[in-house]
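Visitor: If you scroll down you'll find the structure; I have some questions about it.
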Amino acid sequence: MSLLPSATVAEIARYDGQTVTLAGWVANKTEKGKLIFLRLRDGSGAIQCVVFKKNVPEATFAAAQQLTLESSCRVSGAVRADARAPGGYELDVSALEVVQVPAQEYPIQPKEHGTEFLMEHRHLWVRSAKQHALLRIRAEVIAAAQEWLNSQGFVRYDTPILTPVAAEGTTNLFATEYFDLGPAYLAQTGQLYVESGMMSFGKVYCFGPTFRAEKSKTRRHLTEFWMIEPEVAFATHEDNLVLQENFVSAIVQRCLERRAEDLKVLERDTATLERCLPPFPRISYDDALALIEQNQGQVEAATPIPWGEDLGAPHETLIASKFDKPVFVEKYPAAVKAFYMEPDPARPEVALCADLLAPEGYGEIIGGSQRIHDAALLEQRLREHGLPVESYQWYLDLRRYGSVPHSGFGMGIERCTAWIAGTHHIRETIPFPRMLYRIYP
RNA sequence: UCCCCGAUAGCUCAACGGUAGAGCGGCUGACUGUUAAUCAGUAGGUUCCAGGUUCGAAUCCUGGUCGGGGAGCCA
């Protein structure tokens, strides 16, 4: 015997006139004497179920009266199109099987709550309509990203989460003891490892959680976030930018196609998303400095900076505000960037790198570069950054045996989702966000 | 690590040194079209913690705890 429903709310229209059994949770209930309205949520959507006292046995009506918010139940009845019902269809209930009525009142009410309260109840909050829509969009972003790369001939190549050394510096790492082999660190990128796969398969990507012990307390930061990192052999910096704009556009367009309902729930203005088609505008770091100079005062704290200094968050906001599509900022001073970035042959003081800034102030969603493919230069950079060259021998090997120019990038799933969904804070784009002052639940 | 803000009923908040309050939610009752229903009734408090000032502290002061926003850094 199965307890599975015979239909889902998402496909209710095809059952018009038929009797079906739905299974789910009570999202809302209104009693009106001999009439009870239940809004039933089944994971695929929500539908209004109507219980008339005269249409059901006394015990069934009594059971319906007992239901409270988030009670679980199985409901049978005839599907009927009704203009009065939200969603266009409702269920005329003929039978009701209560699975559980909570002993205590469900904490989250259909009204305003504070952030702290909601975060404390994150395990329940994910049932709410807005969170449901947001997490569905996250799932779509992930599926779209992987399926698009697969369709382009990429091979998924999983990189380790426990690593012996730091890729981008040592201060922002979570450490743990690894048996008798000393400290191990949670990966803050899969990039170095994925480069080995690039030499094996040509086009690869890794996808998984990454960890940064940064004491960041902003709406753009999590200590644990998910990143997808493609890497391509023989790809130059230029090729890399083309790949990124095609990749991001494909993800956005797929969300527009398949998650229109969820974007509507979130009241997302989709106009800027629809414009998100290649090519994306590109400006150099030098142009960015000029742009900041010309527009000072427009964004608070976006004050002019001397050449060689990295852009801050307010600067990125100002730059992004000048474009109606994602914009690449390329060729940063090599000194402020990671050790593995290839210098521009025409101007060795800048790196062949780019950040992709999302429109509307959602910040940097991609960071990428062409990688150094010369073993001697790479080793020199390791030394300049004070990194232990012995630990990077395997990484240097990649440049000793058939080295080729290659490029890649990393896209943050949460930041990308926050932008597409139009959510202010990225903590809502992952089921259980990990932040500086929160690890529960 | 630094700067700013906050903590009062289950939730969202008010109470300007002088009796601890409202709305929502809960519970009880009424209602055949509700969409976060409406109406009537009802229960519900260690005002984050510790100390201080004062005749008197939710309110002022000091320290702490927890949380929120931002910076730096990054995706």
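Visitor: Among the residues in the range A:284-302, are any within 27 Å of A:Phe207 (Cα to Cα), modelled with pLDDT of 95 or more and more than 25 Å from the chain's Cα centre (by Cα)? If you could, list the steps in order and put the result at the bottom.
Guide: At the first step, the residues of the range A:284-302 found to be within 27 Å of A:Phe207 (Cα to Cα) are none.
There is no residue in the range A:284-302 that is within 27 Å of A:Phe207 (Cα to Cα), modelled with pLDDT of 95 or more and more than 25 Å from the chain's Cα centre (by Cα).
Each row is one residue, and each column tells you yes or no for (1) within 21 Å of A:Glu70 (Cβ to Cβ); (2) aliphatic (A, V, I, L, M).
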position	(1), (2)
A:Gln100	yes, no
A:Phe117	yes, no
A:Val126	yes, yes
A:Gly153	no, no
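Visitor: Answer yes or no: is there a residue in the range A:98-111 that is part of a helix (DSSP H, G or I) and farther than 21 Å from A:Lys32 by Cα.
Guide: Let us first name the residues in the range A:98-111 that are part of a helix (DSSP H, G or I), namely none.
No: the range A:98-111 contains no residue that is part of a helix (DSSP H, G or I) and farther than 21 Å from A:Lys32 by Cα.
Visitor: Checking the condition modelled with pLDDT of 95 or more, assigned to a helix (DSSP H, G or I) and exposed (fewer than 14 other Cβ atoms within 10 Å of the Cβ), which residue from A:Glu147, A:Glu116 passes? Talk me through it step by step, then tell me what you get.
Guide: Details: A:Glu116 fails: modelled with pLDDT of 95 or more.
Exactly one residue qualifies, and that residue is A:Glu147.
Visitor: Further, regarding this structure: When you check A:Val252 against the structure, is it part of a helix (DSSP H, G or I) and at pLDDT 95 or above, yes or no?
Guide: Values: part of a helix (DSSP H, G or I): yes; at pLDDT 95 or above: yes.
Against the criterion (part of a helix (DSSP H, G or I) and at pLDDT 95 or above), A:Val252 qualifies.
Visitor: Among the residues in the range A:201-217, are any buried (at least 18 other Cβ atoms within 10 Å of the Cβ) and among the acidic types (Asp, Glu)?
Guide: No, there is no match, as no residue in the range A:201-217 is buried (at least 18 other Cβ atoms within 10 Å of the Cβ) and among the acidic types (Asp, Glu).
Visitor: Would you tally the residues in the range A:308-333 being closer than 12 Å to A:Asp287 by Cα, part of a strand (DSSP E or B) and among the β-branched types (Val, Ile, Thr)?
Guide: Selection size over the range A:308-333: 1.
Visitor: Could I ask something else about it? Considering only the range A:65-80, state which residues are of a type in the set (A, V, I, L, M, F, W, C) and over 12 Å from A:Ala7 (Cα atoms). Full working, then the answer.
Guide: Of the range A:65-80, the ones of a type in the set (A, V, I, L, M, F, W, C) are A:67, A:69, A:73, A:75, A:78-79.
Hits for the range A:65-80 are A:Leu67, A:Leu69, A:Cys73.
Visitor: Related question: Name, by its number, the condition in (1) in contact (Cβ under 8 Å) with a residue 40 or more places away in the chain; (2) within 12 Å of RNA strand B (Cβ to nearest atom) that does not hold for A:Tyr205.
Guide: (2)
Visitor: Identify the single condition in (1) among the small types (Gly, Ala, Ser); (2) within 16 Å of RNA strand B (Cβ to nearest atom); (3) not in a helix (DSSP H, G or I) that A:Gly153 does not satisfy, given that it satisfies every other one.
Guide: (2)
Visitor: Please verify whether the range A:169-180 includes one or more residues that are assigned to a loop (DSSP other than H, G, I, E, B), among the aromatic types (Phe, Trp, Tyr) and within 22 Å of the chain's Cα centre (by Cα). Steps first, answer last, please.
Guide: Here is the first cut: in the range A:169-180, the residues assigned to a loop (DSSP other than H, G, I, E, B) are A:169-174, A:178-180.
Checking the rest, the ones that are also among the aromatic types (Phe, Trp, Tyr) come to A:174, A:178-179.
So of that shortlist, the ones also within 22 Å of the chain's Cα centre (by Cα) come out as A:174.
Yes, there is a match, as at least one residue in the range A:169-180 is assigned to a loop (DSSP other than H, G, I, E, B), among the aromatic types (Phe, Trp, Tyr) and within 22 Å of the chain's Cα centre (by Cα).
Visitor: Separate question: It is to be established whether one or more residues within the range A:295-310 are surrounded by fewer than 17 Cβ atoms within 10 Å (Cβ to Cβ) and in contact with a strand residue (DSSP E or B) (Cβ under 6 Å, 6 or more places away or on another chain).
Guide: First pass over the range A:295-310, keeping only residues surrounded by fewer than 17 Cβ atoms within 10 Å (Cβ to Cβ): A:295-298, A:300-301, A:303-310.
Still in the list and also in contact with a strand residue (DSSP E or B) (Cβ under 6 Å, 6 or more places away or on another chain): A:308.
Yes: the range A:295-310 contains one or more residues that are surrounded by fewer than 17 Cβ atoms within 10 Å (Cβ to Cβ) and in contact with a strand residue (DSSP E or B) (Cβ under 6 Å, 6 or more places away or on another chain).
Visitor: Could you list, in sequence order, the residues of the range A:75-98 that are under 34 Å from the mean Cα position of the chain (by Cα) and surrounded by fewer than 19 Cβ atoms within 10 Å (Cβ to Cβ)?
Guide: Here is the first cut: in the range A:75-98, the ones under 34 Å from the mean Cα position of the chain (by Cα) are A:85-90.
Scanning the range A:75-98 gives A:Ala85, A:Pro86, A:Gly87, A:Gly88, A:Tyr89.
Visitor: What pairs come out if I take residues in the range A:164-177 that are of a type outside the set (Asp, Glu) and pair them with residues that are at pLDDT below 70 and not in a strand (DSSP E or B) whose C-beta lies under 8 Å away, six or more apart or interchain?
Guide: Here the result reads A:Leu173/A:Ala166, each pair linking the range A:164-177 to a residue that is at pLDDT below 70 and not in a strand (DSSP E or B).
Visitor: Now for a different question. Collect the residues in the range A:359-418 that are in a helix (DSSP H, G or I) and more than 24 Å from A:Val165 (Cβ to Cβ), keeping them in residue-number order.
Guide: Here is the first cut: in the range A:359-418, the residues in a helix (DSSP H, G or I) are A:375-384, A:389-400, A:413-418.
Hits for the range A:359-418 are A:Ile413, A:Glu414, A:Arg415, A:Cys416, A:Thr417, A:Ala418.
Visitor: Restricting to the range A:331-346, name every residue that is surrounded by 14 or more Cβ atoms within 10 Å (Cβ to Cβ) and either on the phi > 0 side of the Ramachandran plot or away from RNA strand B (no atom under 16 Å from the Cβ) (or both).
Guide: Going residue by residue through the range A:331-346, those that are surrounded by 14 or more Cβ atoms within 10 Å (Cβ to Cβ) are A:331-334, A:337-344.
Residues satisfying the conditions are A:Lys331, A:Pro343, A:Asp344.
Visitor: If you don't mind, there's one more thing I want to ask. Output the residue which, of all residues in the range A:67-100 that are of a type in the set (Ser, Thr, Tyr) and in contact with a helix residue (DSSP H, G or I) (Cβ under 9 Å, 6 or more places away or on another chain), is nearest to RNA strand B (Cβ to nearest atom).
Guide: So the residue we want is A:Tyr89.
Visitor: Being surrounded by fewer than 12 Cβ atoms within 10 Å (Cβ to Cβ) and in a strand (DSSP E or B) is the filter here; which residues of the range A:1-30 pass it?
Guide: A:Thr30
Visitor: Also, I was wondering about something else. Any residue at all in the range A:350-358 that's touching a residue at least 24 places away in the same chain (Cβ under 8 Å), within 16 Å of RNA strand B (Cβ to nearest atom) and in contact with a Cys (Cβ under 8 Å, 6 or more places away or on another chain)?
Guide: Scanning the range A:350-358 turns up at least one residue that is touching a residue at least 24 places away in the same chain (Cβ under 8 Å), within 16 Å of RNA strand B (Cβ to nearest atom) and in contact with a Cys (Cβ under 8 Å, 6 or more places away or on another chain).
Visitor: Here is a follow-up. Among the residues of the range A:119-140, count how many are within 13 Å of RNA strand B (Cβ to nearest atom) and part of a helix (DSSP H, G or I).
Guide: At the first step, the residues of the range A:119-140 found to be within 13 Å of RNA strand B (Cβ to nearest atom) are A:119-122, A:124-125, A:128-130, A:138.
Now narrow it down to the ones that are part of a helix (DSSP H, G or I): A:119-120, A:122, A:124-125, A:129-130, A:138.
The qualifying residues number 8.
The values are calculated or read from the model by the stated rules, or taken from the named source; none is laboratory data. Everything quoted here is computed from the prediction, not taken from an experiment. Cβ atoms come from the backbone with ideal geometry, glycine included; neighbour counts cover every protein chain shown.
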